[in-house]
């Protein structure tokens, strides 16, 4: 099962993701002339911002659709698996990633690849989902799937680590961790609400279900979540928790 991304749907339902990247961008502190890899660049919004600061950017994403959207901005973007990057050793001054690492199956492999493509002393700066991220959403969605006879826990393949776990992983691949923080970030959702969130971020799961069931699964998950994540005025807030770090090769 692979997550499928539609750039237009993403911009409609998930514009808050790059919009909330100010903190990790500050930790990166990109300098003019630095060669930086944006790992999991999506449609290239942040890649473009970093290029505007004078950094020499290269984007990389697993989604052909998102990579194409990034190229439409005039960016240089490659596609493939983050566990096996198509770059020579010591190619970059920094590897940057926002809201992408938790989608990758082999965490140790992607960390090792980030270390390999960095110059000595280069930095790996990223923000990803951390332990407790979207806990209510995950439980509700899994419960609805299991109600219909599907393996809800088996479909939940994102990895949301603690600071201690990810520090061990980073150090195990040769990094020195300079900063790491777990950040609670309740996030207001756009007008499409929780239904839009599920259709965007759980599309890979929904596409495996019979078409006749998809709306029902979404509606039942929304109903379960309404008492805890929707306010009396009908506004939705997702229970996000982020893990942000700076590690040096």
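Computed from the coordinates by the stated procedures, all read-outs in this text should not be read as laboratory data. If you're wondering where the values come from, they're calculated on a predicted model, not measured in any experiment. Cβ: placed from backbone, ideal geometry, glycine included. Neighbour counts: every protein chain shown.
Using a 10 Å cut-off around each Cβ, can you sort 213, 128 from fewest to most neighbouring Cβ atoms? It would help to have the intermediate numbers written out before the result.
Working: 213 13, 128 25.
If I rank by nearby Cβ atoms, fewest first, I get 213, 128.
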Query raised in the report: Pairing the Cα long axis of helix 135-147 with the longest principal axis of the chain, what angle in degrees results, from 0 to 90 and rounded to the nearest 10?
Result: 50 degrees
Report task. Consider the candidate values [x] 138; [y] 187; [z] 118; state which one is volume of the Cα convex hull per residue in Å³ computed from the structure displayed. Result -> [z]
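Taking Cα pairs under 8 Å and at least six residues apart, what relative contact order does the chain come out at, in percent?
On the way: 471 pairs, mean separation 56.1, N = 249.
Result for the chain is 23 percent.
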Report summary line: Across 102, 155, 115, the residue with the highest GNM fluctuation in the chain (Cα network, 10 Å cutoff) is 155
Query raised in the report: In the chain, what % of DSSP beta bridges are antiparallel (nearest 5)?
Result: 55 percent
Requested in this report: Using only Cα atoms, find the angle between the long axis of helix 211-229 and the longest principal axis of the chain, and express it within 0 to 90 degrees, rounded to the nearest 10.
Outcome: 80 degrees
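Please give the contour-minus-distance gain from residue 151 to residue 192: 0.36 nm per residue of separation, less the Cα-Cα distance, rounded to one decimal in nm. Present the calculation step by step, with values, prior to reporting the outcome.
Details: separation 41, 0.36 × 41 = 14.76 nm, distance 2.66 nm.
Difference between extended and current length: 12.1 nm.
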Requested in this report: Please label the shape of the range 2-132 as rounded, prolate or oblate, based on the square roots a ≥ b ≥ c of the eigenvalues of the alpha-carbon gyration tensor (a/c under 1.5 means rounded; beyond that, a/b larger than b/c means prolate, else oblate).
Outcome: rounded
**Report entry** Rounded tilt (10° steps) of 163-172 against the dominant C-alpha axis of the chain
**Finding:** 40 degrees
